[in-house]
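What follows is a short report on a single structure.
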Amino acid sequence: MSSNLSLKTKGKSTKRSKDDENSASKILKEWSTWGMKKAKVITHYGFIPLIIIIGMNSEPKPSISQLLSPM
């Protein structure tokens, strides 16, 4: 009788339910959405400073006013 109980518990522990798969995909979707939101904010606020830094490290070395002026 105890062997029947141990077989039942083994069978239950190896099976995956649809709820586990759904929750895993839901967690993945939430993390990807969170990551994309953070990437959007970083890109939004970091693009112009990146261009200024790249411009200041180029040859010939311009001043900050030359980088920010339209001409």
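The values are calculated or read from the model by the stated rules, or taken from the named source; none is laboratory data. Not measured: the values here are computed from a predicted model. We place every Cβ from the backbone using ideal geometry, glycine too, and count neighbours over all the protein chains shown.
Test Ser65 against the stated conditions and say whether it is in a helix (DSSP H, G or I), modelled with pLDDT of 85 or more and loosely packed, with under 10 Cβ neighbours inside 10 Å. For Ser65, the condition - in a helix (DSSP H, G or I), modelled with pLDDT of 85 or more and loosely packed, with under 10 Cβ neighbours inside 10 Å - is met.
Whenever a residue of the stretch 31-59 is in contact (Cβ under 8 Å) with a residue 12 or more places away in the chain and farther than 19 Å from Ser69 by Cβ, it has no partner that is of a type in the set (Asp, Glu) and surrounded by 10 or more Cβ atoms within 10 Å (Cβ to Cβ) lying with C-beta atoms less than 9 angstrom away and at least six residues away or across chains.
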